[in-house]
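Notes follow once the structure below has been shown.
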Amino acid sequence: MSIPRRLGRLAQGFVLSLQEDERFRERLRASRERSEVLRSAFEAAWKGASEEWRRAEERRVTEEAATGEEGRGPRTSGWRSASTTFIPRRYPAEVLAAYNRLGLVPGSSMEDVDRKRRELVKRFHPDRFSNPDKRTRAERVTAEINAAHDAIERHLTKRR
């Protein structure tokens, strides 16, 4: 008999002996009930969110139709009307990722970027960790924070 088959039979016997244990059955029943509760809660949240998205889309379509009928003309660029003077800035993907890495919204001032960098480096500085694994991770995170700061700084100075 092959080793995988032997292991399979051994595992099958182990599971059968567990199923006879009352504590195991009780724990299994409780976990199934929890999973049912979680599933129903997730379904309810999904249903509510999809209903909200549907209503928002209906409102948007209604507003577009109303603005088109009033003589202002249809919207030219989706969410922005033709009379809007605000034009959103375009950021390269690496700059958006850098803002995201620092936990800031795109367009934050350089002072905010500097402040957030100092805060994160204090929290993740490698000298704070004695465990070698955590220290290595902290070095990597600190390098990512510094790289994100540099990317934003380069982008902001290049624009001037």
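Does Trp79 count as within 35 Å of the chain's Cα centre (by Cα), closer than 30 Å to His155 by Cβ and either surrounded by 10 or more Cβ atoms within 10 Å (Cβ to Cβ) or at pLDDT below 85 (or both)? Yes, satisfied. Total residues in segment 82-110 satisfying the condition of being over 30 Å from Asp150 (Cβ atoms) and at pLDDT 80 or above: the figure is 0. Contact annotation: no residue pair with Cβ atoms under 6 Å, 6 or more positions apart or on different chains, pairs a residue in segment 142-158 that is at positive phi and assigned to a helix (DSSP H, G or I) with a partner that is of a type outside the set (Phe, Trp, Tyr) and at pLDDT 95 or above.
The values are calculated or read from the model by the stated rules, or taken from the named source; none is laboratory data. Just so it is clear, the model here is predicted, and its values are computed rather than measured. We place every Cβ from the backbone using ideal geometry, glycine too, and count neighbours over all the protein chains shown.
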